[in-house]
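The values are calculated or read from the model by the stated rules, or taken from the named source; none is laboratory data. Treat the numbers as computed from the prediction; the structure is a model and nothing was measured. Cβ atoms come from the backbone with ideal geometry, glycine included; neighbour counts cover every protein chain shown.
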Amino acid sequence: MSTLAVARKDFQDAIRSRVLLGLTGLFVLFVAGASYFFARIQPAPGGGDPTALVLIFSLLTPAGLLVPIIGLALGYKAVAGERESGRIKLLLSLPHSRLDVVLGKTLGRTSVLVVPILVGFAVGAAVIFWQSSRFTPVNYLVFAFVTVLLGLAYIAIGVAISSATTSTFRALIGGISLLVVLEFLWQQVLLAVVYLVNGLSLPQQPPGDWYYFLQSLPPGSAYSSAARSLLPQNPTTLAVTGQTPDAFYLQDWFGFVILAAWIVVPLALGYLRFEGTDL
Amino acid sequence: MAAIELDGVTKRYDGGLGLPGRSSDPVEALSDLDLTVREGDIYGFLGPNGAGKSTTINVLLDFVRPTAGSARVLDLDARTESQQVRERVGVLPEGFSPYDRLTGRQHLDFAIGSKNAADSPSEIAERVGIADALDRKAGGYSKGMAQRLVLGMALVGQPDLLILDEPSTGLDPNGAREMRDIVRAERDRGATVFFSSHVLGQVEPVCDRVGILRDGELVAEDTVEGLRDAAGGETTLAVDVERLPDDAVAAVRALDGVSTVRADGQQLTVDCVDGAKTTVLSTLEDNGAPVADFDTTGASLEEVFASYTTGEREVRA
């Protein structure tokens, strides 16, 4: 109840922000533009009609970059900004616990994120519908749902960092650093760690499952896996040689578990830090 | 049952700001503070800026955690039962800022929703004098209007205790008077009111009891009348003399009814009971210090406050 009151107020406040308007515009432009591009200019290989499925797979990677940025942008000020401005005193003068604040902020910002994603995807759907006769709304909705989950993970990371520091500047720097490491440098970081652990040389034998598991840890990878697990086979992918991995944690559905962990663990850590400090 | 009970509360800040290489000396904001506020009182919590008033309030609301000691509010533990405390307390915090993008009505609705109260935003806005601005965004409010808005939020749900931190900040004299009227009305409804101020004039007209805080310690606590009596019994006598031999100073110091004597060149400042004035003057004449001029001032409550809070006078209570 208390969490919802905080979430509702946060949504009312954030939905009026110009930053959000800008992000919504950006996301709508992005999805609509990409939809048009893939539907019209670069039709599916084989000369068939472009399908929503082709489009969805084409959008996975760019959405996997844009949505984390939007998520962080929504999250990093959530708590630290309130502390900087003194609004946190208004919030906590009312009967809300600090857990209500962290969860309510996360929920409120997620509702805010759902707006650009839904608007963007609705516009994208309209573009596809206009360009193509074969439109499958179910796959499209699945894609939108998984994309919201990815956004939620980055909002949770942003809110967590925001709860753990008193300065929005530090929260911003922390969030950007994490984003860069997780989504851009992760493979290199892993390689470097293996290189160091292996005595400054790369191992000769192929790495074990654990290595692939570590590779799949960033939210962006988990997002792709989770989306793949729910969608039909990508029509443009060539027949996969080799077999699907045995380990359950390397299967696509495990992406949902990883995404869930990216939501719960940062929030728990951020909350514990926030709970233990003076305002 | 006491509305507020502080027992040996000490709050020390490390001063390190959590950053390496930037540590400074620890600051003790509150030192072993005991404080009791009776139910139904209007309690004025006086002290200069930096005395620890806001820290005390922050402890009551669990915004900061005491280094030692314990605090109870409405017979609930301020630390472990904070949410229940805040269900029954209305707060006007210090150093807040409203949500710029939300209207006054949305602020009040948020407070009403958070407290499961049945108040009407329009009625509250009327009471605190922002009815005209109720549907405007709070970002455009003046400091005084924001103060009124948050006072309105504090009144939501008929709280058992109002905690107001420097409530007259940003208010013009008329606004400050309206604020005092609201404070009295809330007390008459049955609420306890605890409010802090660094301005005696805000506290004096409404308070049943006054506590004076200095450097994190309570240096005086009494009713307004009690403080006034303590002040009224004393007179400060400033005497210009032609010469001031040490014997004369010693003789004055030895008189009954004289509490302090300060000598500065050819001027002597004497705090004494009113009836001792003429004896002081004649004693000076008799001990080789001819009086050229003198002036008496009866200490006002204002001066008592000033002397308590600037440390020129030892506590005599």
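Couple of notes before you dig in:
- For the residues B:190, B:211, B:170, the requirement of being in the same structural domain as residue B:127 (by TED's automatic domain parsing), over 20 Å from the mean Cα position of the chain (by Cα) and not acidic (Asp, Glu) singles out B:190.
- Any chance residue A:162 is of a type outside the set (Asp, Glu) and touching a residue at least 40 places away in the same chain (Cβ under 8 Å): yes
- Residue match in the stretch B:33-52 (condition: basic (Lys, Arg) and facing chain A (nearest Cβ under 10 Å)): no
- Number of residues in the stretch B:97-118 that are buried (at least 19 other Cβ atoms within 10 Å of the Cβ) and of a type in the set (Asp, Glu): the value is 1.
- Residue B:93 vs. criteria assigned by TED's automatic domain parsing to the domain that holds residue B:151 and in contact with a Lys or Arg (Cβ under 6 Å, 6 or more places away or on another chain): yes
- Failed criterion for residue B:146 (all others in (1) surrounded by fewer than 17 Cβ atoms within 10 Å (Cβ to Cβ); (2) not in a loop (DSSP other than H, G, I, E, B) hold): (1)
- Residue in the stretch B:177-200 that is at pLDDT 95 or above and within 14 Å of another protein chain (Cβ to nearest Cβ) present: yes
So that you can scan it fast, the table gives a plain yes or no per residue for (1) over 11 Å from residue A:35 (Cβ atoms); (2) touching a Leu at 6+ places or on another chain (Cβ under 8 Å):
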position: A:118; (1), (2): yes, no
position: A:130; (1), (2): no, no
position: A:136; (1), (2): yes, yes
position: A:153; (1), (2): yes, yes
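- Residues that are in contact (Cβ under 8 Å) with a residue 24 or more places away in the chain and outside any loop (DSSP other than H, G, I, E, B), drawn from the stretch B:128-139: B:128, B:133, B:137, B:138, B:139
- The combined condition, being modelled with pLDDT under 95 and within 14 Å of another protein chain (Cβ to nearest Cβ), is not fulfilled by residue B:105.
- Remark: residue A:94 falls outside the filter, which requires a residue to be touching a Leu at 6+ places or on another chain (Cβ under 8 Å) and either within 14 Å of chain B (Cβ to nearest Cβ) or at negative phi (or both).
- Among residues of the stretch A:13-24 being touching a helix residue (DSSP H, G or I) at 6+ places or on another chain (Cβ under 8 Å) and surrounded by fewer than 18 Cβ atoms within 10 Å (Cβ to Cβ), the one that is nearest to the other protein chains (Cβ to nearest Cβ) is A:15.
- For the stretch B:62-88, the set of residues classified as under 26 Å from residue B:204 (Cβ atoms) and facing chain A (nearest Cβ under 8 Å) is empty.
- Residue in the stretch B:179-194 that is buried (at least 20 other Cβ atoms within 10 Å of the Cβ) and under 26 Å from residue B:68 (Cβ atoms) present: yes
- Summed over the stretch A:196-205, residues that are within 20 Å of residue A:216 (Cβ to Cβ) and surrounded by 10 or more Cβ atoms within 10 Å (Cβ to Cβ) total 1.
- When each of A:74, A:53 is tested for being away from every other protein chain (no Cβ under 14 Å) and surrounded by fewer than 23 Cβ atoms within 10 Å (Cβ to Cβ), the lone residue that passes is A:53.
To keep it simple, each residue is scored yes or no on (1) under 15 Å from the mean Cα position of the chain (by Cα); (2) at pLDDT 80 or above.
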{"site": "A:207", "(1), (2)": "no, no"}
{"site": "A:217", "(1), (2)": "yes, yes"}
{"site": "A:238", "(1), (2)": "no, no"}
{"site": "A:246", "(1), (2)": "no, no"}
{"site": "A:274", "(1), (2)": "no, yes"}
{"site": "A:279", "(1), (2)": "no, yes"}
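- Of the listed requirements (1) of a type outside the set (Lys, Arg); (2) in contact with an Asp or Glu (Cβ under 7 Å, 6 or more places away or on another chain); (3) more than 10 Å from chain A (Cβ to nearest Cβ); (4) assigned to a loop (DSSP other than H, G, I, E, B), residue B:167 misses just one: (2).
- Check on residue B:125, facing chain A (nearest Cβ under 9 Å), at pLDDT 95 or above and in a helix (DSSP H, G or I): no
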